[in-house]
Structures are given as C-alpha cells and as structure tokens.
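Everything below concerns the one structure shown next.
The values are calculated or read from the model by the stated rules, or taken from the named source; none is laboratory data. Predicted model, so just to flag it, every value in this text is computed and none were measured. As a convention, Cβ positions derive from the backbone with ideal geometry for all residues, glycine included, and neighbour counts pool all protein chains shown. Side chains are part of the model used for accessible areas, which takes the heavy atoms of the whole protein and leaves out ligands, DNA and RNA. Shrake-Rupley method; radii C 1.70, N 1.55, O 1.52, S 1.80 Å.
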Amino acid sequence: MDDLNDTKGFPLTAKIIDGKAVAARLREELATEVAAFIQQTSVTPHLAAVLVGADPASAIYVRNKQRACEKAGIKSTLHKLSAETTQDALLSLVQRLNDDADVHGILVQLPLPKQIDETAILDAVVSAKDVDAFHPANVGLIVQGRPRFLPCTPAGIQQLLIDSGTIVAGSHVVVLGRSEIVGKPMALLLMQKGPAANATVTVCHSRTQNLADITRTADILIAAIGSAKFVTADMVKPGAVVIDVGTNRVDEKLVGDVDFGPVSGIASAITPVPGGVGPMTIAMLLRNTLTAARLSVH
Ligand SMILES: NC(=O)c1ccc[n+]([C@@H]2O[C@H](COP(=O)([O-])OP(=O)(O)OC[C@H]3O[C@@H](n4cnc5c(N)ncnc54)[C@H](OP(=O)(O)O)[C@@H]3O)[C@@H](O)[C@H]2O)c1
C-alpha cells in the first residue's frame, strides 16, 4: 500500500478499507464454489483473455487476472495478438471464442490499438460470455436492476462499502467520472433498490460547474477520473467515506485520484492505491466467470 507512505506529517484518522484483504477472502470463497461446481457438473469455468499489442500495463493486468483465475480453480487462456492486428482478425478471434463451448467468459483487455473500433469489438462478444458486462444487453439488464453479470469495478466498490459497514441507503454519493466502465455503472448500482444501494447519487464530469461545492456534500465520494491526487482535502466533507478508483502512474509509482495523506485526515474511511479497489475488480471478474459457466450448463 504505497499510499500509506504518503501519510507522514498528516493525522491519519480514517479507517483504511483494505481491498486486498477483502478480495483475498472473496477469492477463497469463490475457489470453494468453483470446486463444488466442477464436482457437480464436470465443467471447469474457463476465461479466455485477449491481449492486443505490447502495452506493459495491459500485460500486467492480464497476467494478474490469469493468476487469480488459476488460484481460484478457473481455467484461463491467453490469446496474444500483435499491435498491428486488423479489426477483421480480432473480430474473427472473438467469433471463434463465442463459438467455443469450452470457453465461458471472454475478456478483451482495453485499450485496443487505434486502428480497431473498440465498441465494435466489445459488441461482438456474445452477451452470455461478456464477463466485463460491457455488452448493451448486459448494460440494459443492469439499468433495469436485474443484472446477469455485475460491472466488475463498481460491484467491487459496492462490496467494499458493505464490508466496511458504510451506510449507503439514504446517503448522498458523489461519483466523479461518467465512463462506461466505472462512473456510469457505479451510479446505476448505488441508485437501485437493494442492499448497499438506495443512495441519492450525483454524477460529476469534466463539464461540471463548482465541482468542490458538490463533492463537499458527499457522504460517500467515489473518484474515477484518472487524474493523480485530484481530490484534495478541501473537497471532502469531514467524516465522508472516500473511494479512490484512480490508477495513475507517476514516477513509476501508482497514485490514485485522491490526495491520500491530507484526505485521510478528514475522511472517516478511505481506500488506498494500490490495495483498494483494484483487487476487488479482479475478484468480481472471477465471480462473473463462474456465473457464465453456470449459465452455460443451465
Ligand atoms: N482500480 C481499478 O480496478 C480500475 C478500473 C477501471 C479504471 N480504473 C482507473 O480509474 C480511473 C478512471 O478510469 P475510467 O476508465 O473511468 O476513465 P475515463 O474513461 O478516462 O473517464 C474519466 C472520467 O472522468 C471525468 N473527468 C476527467 N477530468 C475531470 C475533471 N477535471 N473534473 C471532473 N471530471 C473529470 C471525465 O469527464 P468527461 O466524461 O466529461 O470527459 C470522464 O467522465 C483511471 O485512473 C483508471 O486507470 C481503475
């Protein structure tokens, strides 16, 4: 947890929400479920990952996801393509994986090279194997409050809120960022009826006026903008729960979207970077892969 080195000189009053520990527990529970599923069905859940190009960060993300699969008893295969891969070649690989009955989940690591239309590729993944929950059919189910697959990062954050005993119902949640991957589905999950939901949600983005006035009203502040240490202490209400989704590489170090040291002296609970949201995203991906395997046998 590099963030904890940044607290020198600041009063650390916030409880640290240890995503690494929560994710490790979830992965253990999942491994037991996977073993039981294999015993009942003789089917081993299988996640196929597609990595295009040689982006080092993407390669690390994929490797971490593969390792986590193996530890949970989930089969994982990697399809590595060159940075010059054409859209047609990638589409035909996705089609092959769609048609392969042995594959239950397909993960296309983003970002894709410039010559490839990301939306076209994500739409091509058959919705029953779309373990990232990016397909319009799966997003529609999330919007309607009857998800088939949970959006991985937002669902991981929701689990951290549950685990840390944060009261979400009736709280004002401010989500910074409106991306399809984090901000938008996060807002959807928390505004639904149900456990760790029923919140009043405000979504902010780059065109939001008087941003700090809004963030200061948040009981729960979720930062997902991709800008290192953007959320400063003066933007946080004393006692707020702060969830930092950001993963920004600064001087070879991972830094969140939250200025951790000063903010941890004001917040009541906070996630570190690394070791907060990131491990939860992977745990939820594994859960979705087991769900996909279950769907395939029913
Ligand atoms: N830990 C994990 O598992 C995980 C998973 C996914 C992402 N991430 C990290 O989370 C961060 C966000 O990722 P993303 O994919 O959601 O990013 P994204 O697609 O780049 O979206 C960023 C969002 O932040 C908004 N924004 C940017 N600058 C802003 C500002 N100054 N004030 C207010 N809003 C601003 C943008 O507004 P506009 O829409 O107006 O442009 C956009 O909605 C990144 O650091 C990413 O690496 C981490």
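Just a few scattered comments:
- Of the criteria (1) within 30 Å of Ala72 (Cβ to Cβ); (2) touching a strand residue (DSSP E or B) at 6+ places or on another chain (Cβ under 9 Å); (3) open to solvent by 40 Å² or more (accessible area, probe 1.4 Å); (4) at pLDDT 95 or above, which one Met191 fails: (1)
- Any hit, region 212-223, residues being under 14 Å from the mean Cα position of the chain (by Cα), within 14 Å of the ligand (Cβ to nearest atom) and modelled with pLDDT of 95 or more: yes
- Residue count, region 195-211 (criterion: within 14 Å of the ligand (Cβ to nearest atom) and either under 18 Å from the mean Cα position of the chain (by Cα) or closer than 14 Å to Gly177 by Cα (or both)): 9
- Residues being within 27 Å of Ala24 (Cα to Cα), more than 16 Å from the ligand (Cβ to nearest atom) and open to solvent by 10 Å² or more (accessible area, probe 1.4 Å) - total across region 164-180: 5
- In region 81-106, the residues that are in the same structural domain as Pro56 (by TED's automatic domain parsing) form Cβ pairs under 8 Å with partners that are among the hydroxyl-bearing types (Ser, Thr, Tyr) and open to solvent by 50 Å² or more (accessible area, probe 1.4 Å), at six or more places apart or across chains, as follows: Ala101/Ser296; His104/Ser296.
- Listed by first and then second residue, the pairs linking a residue in region 173-187 that is at positive phi to a residue that is assigned to a loop (DSSP other than H, G, I, E, B) and of a type in the set (A, V, I, L, M), with Cβ atoms under 6 Å apart and 6 or more places separating them unless they lie on different chains, are Gly177/Ala224; Gly177/Ile225.
- Test for Ala133: is it in a loop (DSSP other than H, G, I, E, B), open to solvent by less than 30 Å² (accessible area, probe 1.4 Å) and out of contact with any Asp or Glu (no Cβ under 9 Å at 6 or more places or on another chain): yes
- Residue that is surrounded by the fewest Cβ atoms within 10 Å (Cβ to Cβ) [pool: residues in region 215-226 that are in contact with a strand residue (DSSP E or B) (Cβ under 7 Å, 6 or more places away or on another chain) and part of a loop (DSSP other than H, G, I, E, B)]: Thr217
Every residue, every condition in (1) assigned to a helix (DSSP H, G or I); (2) of a type outside the set (Val, Ile, Thr), yes or no:
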{"position": "Leu26", "(1), (2)": "yes, yes"}
{"position": "Glu29", "(1), (2)": "yes, yes"}
{"position": "Ala35", "(1), (2)": "yes, yes"}
{"position": "Gln39", "(1), (2)": "yes, yes"}
{"position": "Val50", "(1), (2)": "no, no"}
{"position": "Asn64", "(1), (2)": "yes, yes"}
{"position": "Glu84", "(1), (2)": "no, yes"}
{"position": "Ala89", "(1), (2)": "yes, yes"}
{"position": "Val94", "(1), (2)": "yes, no"}
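- Candidates Gln115, Gln158, Gln192, filtered to the one that is away from the ligand (no atom under 16 Å from the Cβ) and either without any contact (Cβ under 8 Å) to a residue 40 or more places away in the chain or of a type in the set (A, V, I, L, M) (or both): Gln115
- All positions within region 227-260 that are acidic (Asp, Glu), touching a residue at least 12 places away in the same chain (Cβ under 8 Å) and out of contact with any strand residue (DSSP E or B) (no Cβ under 8 Å at 6 or more places or on another chain): Asp234
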